[in-house]
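K.L.:
Got a structure for you, questions after.
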Amino acid sequence: MQDKLKWNAVGLVKKTKQLKEYIEQEKRDKDKLPAHQKERTAPLSGYLDELNHMLEQMEKIEKIIIPKLEKLFHLVFQTPEMIMLALTRPSVRNIFDNINIHFKDDPNRPLSQEELTELASSGDAAVILALIGDAALDLAIVQTLWDSSLSKTGELTEKRKKVASNENMAIYCDEWGLYSSRLHRLQATPNERMKKETIEHVKGTLVESIFGVVYLEFSLKELLRIVPLIQ
């Protein structure tokens, strides 16, 4: 049993850039061929669109979101990449899985199958971070709102429910700019097709993921200090 939960950095930005550069070169080489010799070139443009979108979002997270959260929380993240993982959606699996299949027989591919599988799992990491954040946040909220009087237990339950609600956390998700900074496929479901409750759930999960990072890197003590920000 580990004393402290942690993940090793996967090099999300670096490896995504390597993929993009390799696919750009592949596309340039294919474009020089006669029309009848061009094979499987159409997917390359799609991969580039997806990777460019992800890199733009990563830059936003690195230059805007992480500094904003560090200033707000009064801390410095030990592994900034964890914030990117927290904002990664499961849909990115399709991007890296498709690239993995496309280049499976290419001996010059810049990343191994294992590395691409790891990148594809980045969205799953966000789910686990949200799970950790949800559990830690519940405990932190209870400790913050605790009243020693037994007559206040019902009131405590209601207060905890209100603070931990998706509706409440969606407010802070928007204030912190998390929703617009997600890493996801371009073809992901547009907002206009999603119900308000669904969007609030997604936003609440993003906040939970951020708190999951705080818990993993700094322990419950720091989370207790930060929880009043969402009350």
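K.L.:
What are the semi-axes of the equivalent ellipsoid for region 86-178, taken as the square roots of 5 times the Cα gyration tensor eigenvalues, largest first, in whole Å?
P.N.:
43, 13, 8
K.L.:
Can you tell me the FRET efficiency between E24 and D124 if r is taken as the Cβ-Cβ distance and R0 is 25 Å, rounded to the nearest 0.05?
P.N.:
Approximately 0.35, to the nearest 0.05.
K.L.:
Moving on. Can you tell me the 0 to 90 degree angle between the C-alpha axis of helix 122-145 and the longest principal axis of the chain, rounded to 10?
P.N.:
10 degrees
K.L.:
Return the long-range amide H neighbours of T88 (sequence gap of 5 or more, or a different chain), with a cut-off of under 5 Å between placed amide H atoms.
P.N.:
Counting only residues 5 or more places away or on other chains, the set is L183.
K.L.:
GNM, the chain, Cα, under 10 Å: largest mean-square fluctuation among D138, D124, D106?
P.N.:
Taking springs between Cα atoms under 10 Å, the residue moving most is D106.
K.L.:
Continuing with the same structure: Placing +1 at every Lys and Arg Cβ and -1 at every Asp and Glu Cβ, with all other atoms neutral, what dipole size does the chain have around its Cα centre, in debye to the nearest 20?
P.N.:
Roughly 240 debye, rounded to the nearest 20.
K.L.:
Excluding L223 itself, what net charge comes from residues whose Cβ is under 13 Å from its Cβ, given Lys and Arg +1 and Asp and Glu -1?
P.N.:
-3
K.L.:
Packing-wise, with mean Cβ within 10 Å as the measure, how do 202-210, 18-26, 72-80 rank, highest first?
P.N.:
Peptide ranking by packing, descending: 202-210, 18-26, 72-80.
K.L.:
Here is a further query. Using 0.36 nm times the number of residues separating H74 and H102, minus their current alpha carbon distance, what extension gain do you get?
P.N.:
Separation in residues times 0.36 nm, less the Cα-Cα distance, equals 5.7 nm.
K.L.:
Among (i) 20.7, 81; (ii) 23.2, 93; (iii) 19.5, 62, find the value of Rg and Dmax of the Cα atoms in Å that was calculated from the structure presented, and write down its label.
P.N.:
Correct label, based on the coordinates given: (i).
K.L.:
Exceeding 28 Å between C-alpha atoms, which entries from my cross-link table qualify? They are K15/K195; K60/K161; K6/K104; K71/K195; K6/K60; K60/K203.
P.N.:
K15/K195; K60/K161; K6/K104; K71/K195, as the Cα separations exceed 28 Å there.
K.L.:
Mind pulling the angle between the C-alpha long axis of helix 12-31 and the longest principal axis of the chain? Nearest 10 degrees, somewhere in 0 to 90.
P.N.:
For helix 12-31, the angle is close to 20 degrees.
K.L.:
Is it possible to state the helix-based mean residue ellipticity at 222 nm for the chain, with each DSSP H run of 4+ residues giving -39500 (n - 2.57), the sum divided by total residues, to the nearest 500 deg cm²/dmol? What is it?
P.N.:
-21500 deg cm²/dmol
K.L.:
So between L55 and K195, what do we pick up on full extension, going 0.36 nm a residue minus the alpha carbon distance?
P.N.:
That works out to 47.6 nm of additional length.
Quick note: the coordinates plus some simple rules give every number you see, no bench work behind them. Since this is a predicted model, take the numbers as computed values, not measurements. Ideal geometry is used to build each Cβ from the backbone, glycine not excepted, and the neighbour counts take in all protein chains shown.
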